[in-house]
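Heads up, the thing below is written out as structure tokens.
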Protein chains: 2
Amino acid sequence: MADENCRVLFLPDNRFVTVARGEILLRAAMDADVHINASCGGSGSCGKCRVLIEEGEVEREPNPKLSEAEAARGYALACQTRVLSDLKVTIPLESRIGDKRIFERAEPTPAHGYLLSAADWEERLPAWELDPPTRKYHLVLPQPSLDDNASDAERIKRGLAVEAGLRDVVIDYPVLQRLPNMIRQSDWDITVTVLDSGEELRAVRIEQGDTTERQSAIAIDVGTTTISAELIDLRTGEVTARASDYNAQVAFGEDVITRIIYAIRGTGLAKLQSVVVGTIWNLIKSLVEQAGIEYCNITHVVIAGNTTMTHLLLGLNPKYIREEPYIPSATFFPWIKCSDIGLRIAAGVYLYALPCVASYVGGDIVAGMLASGIFNTDKLTLYIDIGTNGEMVLGNRDWMLSCSCSAGPAFEGGGVKHGMRATNGAIEQVRIDKIGYEPMIITVGNRKPIGICGSGLIDALSEMFLTGVINEKGKINTDLPTPRVRRREGGAEYVLVWAEDSATRRDIVITEVDIDNLMRAKAAVYAGIEILLSSMDMDVSMIDELLIAGAFGRYLEVDKAVTIGLLPDIGYEKIKFVGNGSLLGAHLSALSREMLNKANEIAHQMTYLELSMNPAFMEHYISALFFPHTDLNAFPSVKEKLEAYRSVQRMAARDKVGEEG
Amino acid sequence: MADENCRVLFLPDNRFVTVARGEILLRAAMDADVHINASCGGSGSCGKCRVLIEEGEVEREPNPKLSEAEAARGYALACQTRVLSDLKVTIPLESRIGDKRIFERAEPTPAHGYLLSAADWEERLPAWELDPPTRKYHLVLPQPSLDDNASDAERIKRGLAVEAGLRDVVIDYPVLQRLPNMIRQSDWDITVTVLDSGEELRAVRIEQGDTTERQSAIAIDVGTTTISAELIDLRTGEVTARASDYNAQVAFGEDVITRIIYAIRGTGLAKLQSVVVGTIWNLIKSLVEQAGIEYCNITHVVIAGNTTMTHLLLGLNPKYIREEPYIPSATFFPWIKCSDIGLRIAAGVYLYALPCVASYVGGDIVAGMLASGIFNTDKLTLYIDIGTNGEMVLGNRDWMLSCSCSAGPAFEGGGVKHGMRATNGAIEQVRIDKIGYEPMIITVGNRKPIGICGSGLIDALSEMFLTGVINEKGKINTDLPTPRVRRREGGAEYVLVWAEDSATRRDIVITEVDIDNLMRAKAAVYAGIEILLSSMDMDVSMIDELLIAGAFGRYLEVDKAVTIGLLPDIGYEKIKFVGNGSLLGAHLSALSREMLNKANEIAHQMTYLELSMNPAFMEHYISALFFPHTDLNAFPSVKEKLEAYRSVQRMAARDKVGEEG
């Protein structure tokens, strides 16, 4: 039932959209590119998104802004109404110049076909087997006797050789220390967990009886802001629990640079390490509780993080990551005992951190390269992960070229007056009416708006640019006939939410300074893309596929990102969202030695281009300090859209002059 | 001067002996098999060892037992007199039925040719190179730049690959943690210590500048009673300092069994571990101070110990070593960090414990096999290390068969009424006059006698047997015309030292119970030898060489050991003393990867024969409960000696009867 799709027809626009049954009507309208005034972010408090249900079944939340009489006549608040069948909906005139909507950010609104499906993944990766780096072997050993008096350790090694063909297994020292009583209490019926570290086979744990049916691994994406973890049953390869939380290091700085500065002072590194270990421990606790397993079922952990996060987690000095020429302590990391970093899951649990390429292209990107199968395709692929840094990789099975450009914190809401992270109350989607310049907004968690997150900013910029609220230089047109555009000290601004509709009781605005910061950020990313291409004597037209990774990409509306010139205009069908590539790569590496080795190969193979002192990069950057770009011809779809908007606006102006005249 | 030899002629025996200049005259007499009454152990307190210096130069200690007038006439106390030139010495009649002498047990009195020389060693071992398991590599790395931005760790790995051809070096996690500051402070001029663990190459330490000239290893023999250590300069392979001390675990029990019992109770294992680590730490401190090096010059440690000592040092549970079927936790041990056992020498110092073969054939024996080159000879060799356990190995380059027989503590002075360890005041050499049954004794440290140590007991038994004080069953002949033989409750006894001459002011005696215990001990060893031979369908006549190892062997007089039937009667020229085989093997393994691998191969190759339930062993054992053996024909030299003694005694008796008659 829940999977059924419903077709919604919006009138008078006469536009169709297909949405999942149960979808909020306001989001359906946004998908259909139909404007409904909505200024309270979908919280139901402004009552402006009033629509008329002409045909079909809906579920209405009772709301004081809508009387029972109105409801009886077919009215509904779009943000408080769920689609239960095919619908025909009319947007009344008053709702078309107003405000609005939604969710716990669980269901994004990707461009159609934007999200890769499980089938897509399978196609992208070579066939790989469930063959994790730790394996359990159940052994029933012959009891020792005067005639067969091999030591306990040698007996186990012999068992592993005979039963599993494993030679030269090194028995971990703590295992040796526990051996004799344990092995006798279990009457010589034991399960040995063997880690293949790449260099050697190591017996890391010995348990009583047959525990081979109980084996799980943990894959973790250690992000600067968010840490996501999965519990994977190694018998089936299935994810049995998921959890994520903010990286508690956030309290010590929002971005990697402030964390590094904190780390290199006094005991800062130890503090940051213990804090991130604390976050990970809580996630593991949650995974274990969700899945109802024992901690000792876990046999290994694979993490992927950017270079700084990996250093901080492992307690490696990150100081020189931020000093020219930007050198990390290490880019490849040995398997270490979890207990060595204070993560006490169970005895003999080892952790592998996926390798990094350089100070600003880390294990998260390597993991993404693995997960997205770029190493396995002939297609020229561009992989982008946008956050404070825009990390990007261009390549295919034969070569990979990476770079990182400091996009600044704008896309994460930093350096923007009302910017915020994508938490409840953050405006994540924005539409602006091309005639009246009234916005339609959706917030995370369907709350009254507090501020604007990255995807909301891109939406807003794109809409402001197309509707002409700002020009190609990012300057606000203060001559527009709307009170939302106004001059203030320090520059003009556009009011996205009036104080009365905001949770903060203050106007939520986008200023020219904000726009300038965002322009720099998008220009840095775009210049990065261009420099990768030009290094290979290529151009954007040769890109077969553009993959976007990371939480930011999840809520990104591709057409909006292209409109502002953040992404190249290569046709939306070529752009896909890979989701959390870092977690996916850690997941694959936790399941397959072959995939883990592949990740190592990728890190070895990938070339890194340092942009900070690259003069060509500066040129590309300056050319990109326009919406969408100084070379508008490189953005044909944007050019077309702009012309369409201007044409509609000219007609509307003519109509208005006609009416008035 | 000190190395000059002097020839001493003893009259009236008319016997020559060649001794080093400076030798004590009493020991020269013992070497010459000339009897002088000496009952105070060489302390100069009894004054019975009076001799007349007829010709030549001596150095006399002034002594109240010798007046200046006597000295002027040429008299001297043999135990207080040093040989300074060739001498002619007459033993006055009164001194021939009395007491006597010596050193700090530094110079033993080996049978001539008994000690192996350095040249012997070289001949026994295959050519091996100075190629220790840790090596230092001095690297001057190219400084990183924007164009060459490999991580610190990768830069080091690249340096090792380029400069030393080392591939796939794993950088130890603690090294990674210290890298970036250290490497920059040293301006990229560093020395990397790489450990070859057999399974992988591991960078275990990084130092500033070129420290390749400063590299030492430590080899340690961890004995149940004594721990001996050497500091070896790895640039030259030379031993630069030596130290040894009692194993502080002695306070928790004399032998391995009592240690095991202590270890398996409560925190006993941790206690014993920390105690032995404490002893080792003190030795290392002494080595470092003697050689004037820094702790951080030390790059690895190799230890050899019996299986129990190795378990206790590594904190492995020894419980099942003493329970049938006698299974150790492990016989092969991984390289571990010294700090893992609480031995904090310097960062990144690893320790290797040489492998064991079984619960009662340990790393000390494997080390001895290595050092004595048995794995490299065609000669059928028997290797024996006698202590509480008699461990022995029979073999050559093609095969090695080992066993261990519980000799009991008798050879270490345990279970013997006046038995003691070979410390100051212990009687270590004994002669008994075949006519008057008066003893001539030498104590360790030239002190008044306190008791008798193992080598003294063997001497005493041998002398008592040859002179007829005891018969072949170990029973004392109480009919002899000497007050030294007497009956007491519980059996007869022989008085070795009268109360007036002993440090304890009590008679020091050897009882029939003592003799019985010693007989059982020697029978166990001999039965072990026979069972090894018979397992291979061999007999003692086929032994090409008999090697004796261990501190006990150092002071053993081979002919005496053969006389009582402890060692087979195969000709003294075939019997050699290898010294501390355990320490020598650890030493070789610390210097050469090839030798270390060879030790591992030896442990793998060696077969272990468990005697405890072997019925053939019991038969051999019972046959050996005689002096020298029920089959006297198996001991032709003893038979001959016995006949010579009896003949002298018969003549003396006849003379006496003649005189009296």
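All of the numbers you see were taken from the coordinates with simple rules; none came from a lab. The structure displayed is predicted, hence computed values, not measured ones. Reconstructed Cβ throughout: ideal geometry from the backbone, glycine too, with neighbour counts over all protein chains shown.
Overall, the anisotropy analysis places segment A:445-502 in the oblate class: the square-rooted eigenvalues a ≥ b ≥ c of its C-alpha gyration tensor yield a/c not less than 1.5, with a/b not exceeding b/c. Every helix of 4 or more DSSP H residues in chain B counts as -39500 (n - 2.57), and over all residues that averages to -9500 deg cm²/dmol at 222 nm. When B:C40, A:C403 are sorted by how many other C-beta atoms sit within 10 angstrom of their C-beta, beginning with the fewest, the order is A:C403, B:C40.
Here B:L11 yields copy-to-copy label distances, from shortest upward, of 14.9 nm, the label point defined as 7 Å from Cα along Cα to C-beta.
To the nearest Å, what is the center-to-center distance of segment A:73-92 and segment A:590-661, using C-alpha atoms only? Rounded to whole Å, the Cα centres lie 35 Å apart. Can you bin segment A:265-392 into rounded, prolate or oblate? Criterion: square roots of the alpha carbon gyration tensor eigenvalues sorted a ≥ b ≥ c, rounded for a/c under 1.5, prolate for a/b above b/c, oblate for the rest. Oblate, because a/c is 1.5 or more while a/b does not exceed b/c. Taking the alpha-carbon centroid of each part, what is the distance from segment A:9-49 to segment A:526-545 in angstrom? A separation of 37 Å, based on Cα centres. Taken about its Cα centre, segment B:410-518 carries a charge dipole of about 220 debye when Lys and Arg each add +1 at the Cβ and Asp and Glu each add -1 at the Cβ. Dipole size of the protein assembly as shown about its Cα centre, with +1 on Lys/Arg Cβ and -1 on Asp/Glu Cβ: approximately 3120 debye, rounded to the nearest 20. Look at the stretch A:136-145: the mean tally of other chain Cβ atoms within 10 Å of its residues' Cβ atoms is 1. Within the shell defined by Cβ-Cβ distances under 12 Å, the residues around B:G315 carry a net charge of +1, with Lys and Arg each +1 and Asp and Glu each -1.
Taking 4.7 Å between C-beta atoms as the pairing limit, chain A has these partnerless cysteines: A:C6, A:C49, A:C79, A:C296, A:C338, A:C356, A:C403, A:C405, A:C453.
Summary for A:G253: label point 7 Å along Cα→Cβ; distances to the equivalent points in the other copies, ascending, 5.6 nm.
The label-point distance for A:E55 and A:M538, in a model that sets each label 7 Å from Cα toward Cβ, rounds to 4.9 nm.
Distances from A:G266 to itself in the other copies, using label points 7 Å out along the Cα-Cβ axis, amount to 4.2 nm in increasing order. Each other residue within a Cβ distance under 14 Å of B:G387 adds +1 if Lys or Arg and -1 if Asp or Glu, for a net charge of -3. Across segment A:420-430, coupling constants 3J(HN,Hα) worked out from phi with the 6.51/-1.76/1.60 Karplus curve, θ = phi - 60°, read 7, 6, 6, 9, 3, x, 7, 5, 10, 9, 9 Hz, and Gly and Pro carry x. Descending by average beta-carbon neighbour count within 10 Å, the peptides B:9-21, B:63-75 line up as B:9-21, B:63-75, the highest first. Between the listed residues B:V288, B:Q215, B:M542, the Cα displaced farthest toward the positive end of the dipole of the protein assembly as shown, a dipole computed from Cβ unit charges relative to the Cα centre, is found at B:V288. May I ask for the angle, rounded to the nearest 10°, between helix B:173-185 and the longest principal axis of chain B, with both axes built from Cα atoms and the value confined to 0 to 90°? Once rounded, the angle reads 70 degrees. From the Cα gyration tensor of segment B:323-431, with a ≥ b ≥ c the square roots of its eigenvalues, which class applies: rounded if a/c is under 1.5, or else prolate if a/b is larger than b/c, or else oblate? Cα axes put segment B:323-431 in the oblate bin. Centre-to-centre separation between the Cα atoms of segment A:469-519 and those of segment B:397-462: 103 Å. Peptide B:150-159 has a mean shielding of 5, counted as Cβ atoms of other protein chains within 10 Å of each residue's Cβ. Ordered by the count of other Cβ atoms within 10 Å of each Cβ, fewest first, B:Y572, B:Y494 give B:Y572, B:Y494. Once the Cα atoms are used to define both axes, helix B:152-164 deviates from the longest principal axis of chain B by about 60 degrees. Residue by residue, segment B:307-324 carries 3J(HN,Hα) couplings of 4, 5, 4, 5, 4, 5, 5, 8, x, 8, 5, x, 3, 7, 5, 9, 10, 3 Hz when phi is fed to the Karplus relation 6.51 cos²θ - 1.76 cosθ + 1.60 (θ = phi - 60°); x denotes Gly or Pro. How would you rank A:I432, A:I24, going from fewest to most other Cβ atoms within 10 Å of each one's own Cβ? Arranged by neighbour count, lowest to highest, A:I432, A:I24 become A:I24, A:I432. Can you give the local net charge around B:F617? Use residues other than it whose beta-carbon is closer than 12 angstrom to its beta-carbon, Lys and Arg +1, Asp and Glu -1. Every neighbour counted, the sum reads -3. For the residues of B:335-346, the average number of beta carbons from a partner chain within 10 Å of their own beta carbon is 1. Ordering of A:176-187, B:189-200 by packing is B:189-200, A:176-187, highest average first (other Cβ atoms within 10 Å, averaged per residue). Taking Cα centre as origin and charging only the Cβ of basic (Lys, Arg, +1) and acidic (Asp, Glu, -1) residues, the dipole magnitude of segment B:346-459 rounds to 300 debye.
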